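Input: a single structure, listed below in structure tokens.
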Amino acid sequence: MPDLKMLASGHCKQLRGAEHRVSEARVVDLLRALPGWEVIDDGEAVAKTFRFKDYHQTIAFVNAVADIANAEDHHPDLSVHYDRCEVRYSTHDVGGLSDNDFICAAKVESLPR
């Protein structure tokens, strides 16, 4: 079973095609390493809402997520509010979830708060 540190040490790969979608069993296994993350949109995405004291902390978090996205070339959908940010990953080129989504989720989960 993967853990948070192992996932966060990985790097995204260019993936195209449904053969790169992760199985439901693997999704369950990977989620065990990501506290608070959940599958949404009928299994097409993983998401988590992060809460902060104020807008400044929220935006600092958003900027850190943007740095991860640019470094890994895998970009989440973000919903940004005053004291929270929802991070949502899906791999459109595979039509659902790939290992890349869980690697980036682990990197986000590992950010200091």
Legend entry - Selection status of R32, within 13 Å of E109 (Cβ to Cβ), open to solvent by 80 Å² or more (accessible area, probe 1.4 Å) and modelled with pLDDT of 95 or more: yes
Inset, instruction - Pairs only if they're at least six apart or on different chains, beta carbon under 8 angstrom, first in segment 47-65 and at positive phi, second at pLDDT below 95 and open to solvent by 60 Å² or more (accessible area, probe 1.4 Å); list them, first residue then second. - result: none
Inset, instruction - Give the residues of segment 70-107 that are in a strand (DSSP E or B) and either closer than 13 Å to W37 by Cα or in contact with a Phe, Trp or Tyr (Cβ under 7 Å, 6 or more places away or on another chain) (or both), sorted by residue number. - result: R84, C85, E86, V87, R88, Y89
Inset, instruction - Look through segment 45-56, keep the residues that are surrounded by 16 or more Cβ atoms within 10 Å (Cβ to Cβ) and of a type outside the set (F, W, Y), and return whichever of them is farthest from E109 (Cα to Cα). - result: A45
Inset, instruction - Return yes when H75 is open to solvent by 40 Å² or more (accessible area, probe 1.4 Å), within 17 Å of L97 (Cβ to Cβ) and modelled with pLDDT of 95 or more and no when it is not. - result: yes
Legend entry - Complete set of residues in segment 2-20 that are under 16 Å from A105 (Cα atoms) and part of a loop (DSSP other than H, G, I, E, B): P2, D3, S9, G10, H11, C12, K13
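The values are calculated or read from the model by the stated rules, or taken from the named source; none is laboratory data. On a predicted model such as this, the values are computed, not experimentally measured, just so you know. Neighbour counts run over all protein chains shown; Cβ positions are idealised from the backbone, glycine included. Quick note on the areas: whole protein, heavy atoms, side chains included, nothing else; ligands and nucleic acids left out. Shrake-Rupley method; radii C 1.70, N 1.55, O 1.52, S 1.80 Å.
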